[in-house]
Structure formats: C-alpha cells, structure tokens
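The values are calculated or read from the model by the stated rules, or taken from the named source; none is laboratory data. Note that the structure is a prediction, hence the values are computed from the model and not measured. Ideal geometry is used to build each Cβ from the backbone, glycine not excepted, and the neighbour counts take in all protein chains shown. Surface accessibility is based on the protein's heavy atoms, side chains included, excluding ligands, DNA and RNA. Shrake-Rupley method; radii C 1.70, N 1.55, O 1.52, S 1.80 Å.
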Amino acid sequence: MKTLGKKNIILASINEKSSGQAKAFYSRVKRDFEDYNIIKEYGESFGKAKPSPDNVLCLAMHGNREVPVMKPRFEFLDSVCDNVWCVMGTPIRGWMLCDKNGYSGASSIAKDHSLLKVDEVSDEDASAMHKHLFGKFVETNESKYDQPELAGLERLTKTCGSQPFILVLGQVAGDSVINFTNFPAPKHKIRGSVRPPHERRDTPAGYINSIFMALSIMDKFNMPIIYKPHPLENQDANAVVNSLIDLPVFNNVSIVSDASIHELIPLAKAVVTINSGAGFEALIHLKPVVTLGRVDYSAATYECRNVADIKKSKQFINSPVNELKIKKFLCAYLNKAHKSPADLIRKVLP
C-alpha cells in the first residue's frame, strides 16, 4: 500500500513471466529506501501501475528499448513515469549497469565509446582492477554460467593441438542480444515469391548466418578454429551449427564443449564472438577479441561490421596486444557500473 506524501520508485519486470530479477532487487533495496513507496510492477501487479507526478523513477529490469518484443512494455512504462531506466547485470557477476536505452549493443557506451573516458584511467588503477578481476574470475574458474571442471593442460593440448587457435564462443541462438549482430538473416536472399518476407527479425537465423559467415572466412586463415558452444544453448539453430561443423563443412574448424573457457582462452590466439558476455571475460585474459555485432564492450574489440572487416580481422588477430589499453578499458567500464542496487538507485534518482 502506498504511503501518502512519499515519492514512488517503480520496480518493473520486462514481461509477465520474468519477475525474478525485480523480486531480488526489491529484497535488497526495500530497507534502504523507506522514505519512498516501492511499487511492484511485476508478478500479480504486472501492468497495474498508474501514472502519477509522484512516480520519480522506474527501473525496467533487463529492459532493452531496441529489442522489438519489448516495445509495448516500454510504451506502457513511459506512460506511467517520465524517468525510466534499464537495469541489467554486467557480463561478469557482481556489478550492475543502468542505461536509458538498454544493454549490450543498445547501450550508450556501445554507441559512444568516449563516455567511458578510458584515457583518464591511471596505469595504477588499471593494473589494480585487472589483478582483482583475474584473481576473482580466472584463478577460481568462475563465470556467469557454470563451467566444466578444469580439464588439465595435457588433455586440452591433445584435443586442441599445440598450435595457437582462434576460439569462437557460441551463444544461445535466441538470446535477444543476437538482435545486435551485424550479420542478420539475409532476407534479400529469399528466393520464394508466394508471400513477402516476414518483417520481424529472425534472431536464431541471424545467429546461424553470423557464425557461418565468420567461420567460412576465418577457415581460410590457415589457423585451427575451435567453436565452444554456450553451456545453456537450447535452440534448434544451435543444433544446426553443431551439426554442420561435425560434418565437417570446414577444413580447420572443430568443436570443444567439455572444457572451461578459462582453460581454452589462455591457449587461444584470439577470441571471436557475436557479442557474448564471455568476450568480456576474454579481455580479462588480455586476448584480442573480435566481435560480429554491437556490444557494450566493443571499445576494446575489433568490431566486424561487414564481410571485409572479417577478412581484415586476421591482421588484428596477429598483431601485438595492447595489454594496458585493455586493462584501462576494463577499469573504465566497471567504474560506470554499480556494486549494489542501492548505489544504482541513488545514481539515477532525480
């Protein structure tokens, strides 16, 4: 029940089914903001918030304005509150980001790298942050998604060979961030004419197109390529990719699914992904990262926007790594993040 005289903070899930993040957020902030009414715009209260001049803040958990399926939800939230922010976790556990537009390729730092102010990060702060991240994630084999137990260098060398390889990190094909691939499903290649192509972007088809576009070009780099499926892949499109690699369609591509990324990445020459959070983890390993789509950590990667860029990525992969630049980016990125929900709310409250 709302208390008269108090301003309102609205915690909103992005759809009717996914209320877990909003519930967790509420449990962590309700005591810190007793001077506000915390309105639950999720679960049984989904879609019931009312417009009011007292609505000073609305947080859309895992919201992204550039994901088409979320458009109606944002139209509703914008009608209820003038100060709507998207809240999401960073690619690594322990930090959160908020952005007016969304996450991954839709975020403000994906579109304007200058917002990070990387050049203002001192060498000392950059090194300290990297040391912390390396100890917290790499040395403990921790990732956003559970990884296999460490397999041991000897077995991995037998599987991967002793030659440096390109590691291609898979994603869940239907994940909304695939919307930000630079190689979406090529609608203009449809040969049928019985009816016009569907207007909705086909995310899983875009995933297949992106992965095979990259693999078909990089297969000619004369380097082994290992494709590491996402631990939670559950789409038919993922099965298609796995099946075609197993045929094999390529000369230099193989699949390794039973090893931790924290053992594979150190052995890799470079890491390639569309925009997986694991690409951020590869930066912690100080590896060159090639991205095939828009993402919020692209200030530290080689982003391929077209086929020519994929071909040119060979030079990037073989060039010396500017480790200090990567360390400064990691520090600048996490300086824009928040360690607690309370800190995040204080940042965006008017």
Requested in this report: Would you mind telling me the share, in percent, of accessible area of the stretch 267-350 contributed by carbon and sulfur at probe 1.4 angstrom?
Outcome: 47 percent
Query raised in the report: Ordered by residue, what ³J(HN,Hα) values in Hz, to whole numbers, does the stretch 40-49 give under the Karplus form 6.51 cos²θ - 1.76 cosθ + 1.60, where θ = phi - 60° and Gly and Pro are x?
Result: 8, 9, 7, x, 5, 9, 4, x, 10, 5
Report summary line: By the C-alpha gyration tensor axes a ≥ b ≥ c (rounded if a/c is under 1.5, else prolate when a/b exceeds b/c, else oblate), the shape of the stretch 250-350 is prolate
Requested in this report: Count the net charge of all other residues whose Cβ sits under 14 Å from the Cβ of residue 299, scoring Lys and Arg as +1 and Asp and Glu as -1.
Outcome: +2
**Report entry** Residues residue 149 and residue 7, FRET efficiency given R0 of 51 Å [Cβ-Cβ distance, rounded to 0.05]
**Finding:** 0.55
Requested in this report: Quick one: angle between helix 236-246 and the longest Cα principal axis of the chain, in degrees between 0 and 90, rounded to 10, please.
Outcome: 20 degrees
Query raised in the report: Put +1 on the Cβ of every Lys and Arg and -1 on every Asp and Glu Cβ in the chain; which of 268, 183, 292 then has its Cα farthest towards the positive end of the dipole?
Result: 183
Report summary line: residue 236 and residue 82 label points (each 7 Å along its Cα→Cβ direction) are spaced in nm at 4.8 nm
Query raised in the report: Roughly how compact is the chain, stated as its Cα Rg over 2.2 N^0.38 Å to two decimals?
Result: 1.06
**Report entry** Helix-derived mean residue ellipticity, 222 nm - over the chain, DSSP H n ≥ 4, -39500 (n - 2.57), to 500
**Finding:** -9500 deg cm²/dmol
Query raised in the report: Do you know the relative contact order of the stretch 1-68, to the nearest whole percent, from alpha carbon pairs under 8 angstrom that are 6+ apart?
Result: 49 percent
Report summary line: Once the dipole of the chain is set up from charges on Cβ (+1 Lys and Arg, -1 Asp and Glu), the residue from the list 107, 316, 27 lying farthest towards its positive end is 107
Requested in this report: Grab the other residues whose beta carbon is less than 10 angstrom from that of residue 251, score K and R as +1, D and E as -1, and report the net.
Outcome: 0
Report summary line: If R0 = 45 Å, then residue 249 and residue 17, at their Cβ-Cβ distance, give a FRET efficiency to the nearest 0.05 of 0.75
Query raised in the report: Can you give the charge dipole size of the chain about its Cα centre, rounded to the nearest 20 debye, using +1 on the beta carbon of Lys and Arg and -1 on the beta carbon of Asp and Glu?
Result: 660 debye
Query raised in the report: So if we plug the beta-carbon distance of residue 216 and residue 112 into 1/(1 + (r/R0)^6) with R0 = 30 Å, what FRET efficiency do we get, rounded to 0.05?
Result: 0.40
Report summary line: Heavy-atom accessible area per residue of the chain, all protein chains kept, 1.4 Å probe, expressed in Å², is 49 Å²
Report summary line: Taking a crude spin-label model, label points 7 Å out from Cα along the C-beta direction, the residue 139 to residue 122 distance in nm is 2.3 nm
Requested in this report: Order the following by accessible area, largest value first: 190, 261. Probe radius 1.4 Å; ligands, DNA and RNA are ignored.
Outcome: 190, 261
Query raised in the report: Where the accessible area of the stretch 1-160 is counted over protein heavy atoms with a 1.4 Å probe, how much of it, in %, is carbon and sulfur?
Result: 51 percent
Query raised in the report: How big is the accessible area of residue 305 in square angstrom, nearest 10, if you roll a 1.4 angstrom probe over the protein chains?
Result: 150 Å²
Query raised in the report: Residue-wise, which Karplus ³J(HN,Hα) couplings in Hz belong to the stretch 97-113, taking 6.51 cos²θ - 1.76 cosθ + 1.60, θ = phi - 60°, and x for glycine or proline?
Result: 10, 10, 8, 5, 9, x, 10, 6, x, 8, 6, 5, 6, 6, 8, 9, 5
Query raised in the report: For the stretch 68-155, what class follows from the C-alpha gyration tensor (a ≥ b ≥ c being the square roots of its eigenvalues): rounded when a/c is under 1.5, otherwise prolate if a/b is larger than b/c, else oblate?
Result: oblate
**Report entry** 323, 263, reordered so the largest accessible area comes first (probe 1.4 Å)
**Finding:** 323, 263
